[in-house]
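Chemist: I have a structure I would like to understand better, so I am pasting it below and will then ask my questions one at a time.
Only the coordinates and a few stated rules stand behind these numbers; no lab work does. In this text, all values refer to a predicted model and were calculated from it rather than measured experimentally. All Cβ positions, glycine included, derive from the backbone under ideal geometry; neighbour counts span all protein chains shown.
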Amino acid sequence: MSNKKTQQPQIDELFQIKKIVLDAFPILLLSLFGSILAGIVLGGMENTLEILPGLIVVIPAMLDMRGNIYGALGSRISTGLHQGLLDPAQLNDQHLRNAITASLINSTLVSFLLAIIAWLILKTLNQQAIPIHQLALITLIAGILSGIILTIIVTTAVYQSYKRGLNPDDIVGPVVTVTGDIFSITILFLVAKLITGGI
Amino acid sequence: MVLENWKRRTIIKETFPLLTALAAVGVISGLILEAYKKTLIQYPQLLLLIPVMIGMGGNLGAILASRTSTALHLGIIELTPKNKALRNNIIATIILATIIFTLTGILTHPISQILNIGNQLSITQITLISLTSGIIISLITIALTIISTYLSYTHGLDPDNTVLPIVTSLSDIAGILIFYLTALYFI
């Protein structure tokens, strides 16, 4: 019982409903802002989605993948900086290059596989779909392009926040959620139009 | 010398299988979207809501999951319904969901008007669709988070590594499905 009493203030402090809500709200609001921007692009894609059957199938995975890959990249770089493995003043570093190329390779391979998986399932279910080489080319190019852009954004955000004395771990999540959705949808849309001769 | 866990090969080997599995799960959400494409194209305002519906369940789950697993590690939380810390976390998640999904509805309507994305649905309809599906999604996300945290913990796995991918990918599928059913109800 005495143990419970000494723990009580700590619990109250950490788990007050008001505190949890206030802590989380700004990040959720930022991510809402990013998602709405992505939604605006998606809302303008209705024609593209209509003439390219199967394209909509890869969208949720493309959105999630960005967060999974580049969120992980950001926290890896941030850990590296905290551990002193990476030098905040030196971007030309073998560890950093490895982390970035590994993310880009992951993103390229998974984007390509995603198109194959999606197309095979669509065909198995006897659904309409654009030719496999078109779908794969769209996700592949979109994966690489948005990968490069997100790498630049995430790396810059982590290094800059570290240099300014902020904890990059607090910055990575919001940066990826806000920029990831909007860039992956916009680039997917542009590449789809380009590949199918819409531009 | 490059550290072992910063080698390209190691990083890819550790993350690639999970990423591929998550992409495959994401295809299920995509197939649900494809099945309802007619409705979505007929009401483009609903397209505007999709990234929010895909992302927000996962975001709420992520916040709840990381707090719950930290607290489990610290020994503050026991996964019983009477535990006050757990209860407060759940209540806070529901409050956050209510605020965020109400805002979503209120914000997307004028945006769809200004950008000429569509005007078939009124602001009340969009807000009701967003809020109702948002609350249901957050309840499912809460259940998924607690169940997967509990299972990881009892199986000796670190919830920090397992819960997030499970919750974000499964709450995607649930989110899209519930969003569609709710939209049909209010249209």
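Chemist: Gain in length, residue A:87 to residue A:101, computed as 0.36 nm per residue apart minus the alpha-carbon separation, to one decimal in nm?
Modeler: So the chain would gain 3.2 nm between residue A:87 and residue A:101.
Chemist: What share of Cα pairs, in percent, lie more than 29 angstrom apart in segment A:26-195?
Modeler: Result: 25 percent of Cα pairs exceed 29 Å.
Chemist: Please give the length that would be gained between residue B:161 and residue B:9 if that part of the chain were fully extended, namely 0.36 nm times their separation in residues minus their C-alpha to C-alpha distance (nm, one decimal).
Modeler: My answer for the length gained is 52.7 nm.
Chemist: Taking the alpha carbon gyration tensor of the protein assembly as shown, what are the square roots of 5 times its eigenvalues, largest first, to the nearest whole Å?
Modeler: For the protein assembly as shown, the semi-axes come out at 33, 28, 19 Å.
Chemist: Next question, about the same structure. Length gain on complete extension for the stretch residue B:115 to residue B:39, per 0.36 nm per residue less the alpha carbon to alpha carbon distance?
Modeler: Gain on stretching residue B:115 to residue B:39: 25.4 nm.
Chemist: OK, next. Given an 8 Å cut-off on Cα distances and at least 6 residues of separation, report the relative contact order of segment A:26-195 as a percent.
Modeler: Once normalised by length, the contact order is 39 percent.
Chemist: If you don't mind, there's one more thing I want to ask. Roughly how many nanometres apart are two label points built 7 Å out from the Cα toward the Cβ at residue B:123 and residue A:33?
Modeler: With each label point 7 Å from Cα toward Cβ, the separation is 2.1 nm.
Chemist: Output the Cα-based Rg and Dmax of segment A:94-185 in Å, rounding Rg to one decimal and Dmax to a whole number.
Modeler: Rg and Dmax of segment A:94-185, Cα atoms, are 16.5, 55 Å.
Chemist: Can you give the alpha-carbon Rg of segment B:55-173 over 2.2 N^0.38 Å, where N counts its residues?
Modeler: 1.23
Chemist: Among B:114, B:95, B:173, whose mean-square fluctuation peaks in a Gaussian network model of chain B (Cα, cutoff 10 Å)?
Modeler: Taking springs between Cα atoms under 10 Å, the residue moving most is B:114.
Chemist: For chain B, calculate the relative contact order in percent as a whole number, restricting contacts to Cα pairs under 8 Å that are 6 or more residues apart.
Modeler: Dividing the mean separation by the residue count of chain B yields 32 percent.
Chemist: Quick check on chain A: helices-only [θ] at 222 nm, where DSSP H runs of length 4 and up contribute -39,500 (n - 2.57) each and the sum goes over total residues. Nearest 500, please.
Modeler: Using -39500 (n - 2.57) per qualifying helix, the result is -29500 deg cm²/dmol.
Chemist: For segment A:148-158, take each phi angle, set θ = phi - 60°, evaluate the Karplus expression 6.51 cos²θ - 1.76 cosθ + 1.60, and give the result in whole Hz per residue in order, putting x for glycine and proline.
Modeler: Whole-Hz 3J(HN,Hα) from phi for segment A:148-158: 5, 4, 5, 4, 4, 5, 5, 4, 4, 4, 5.
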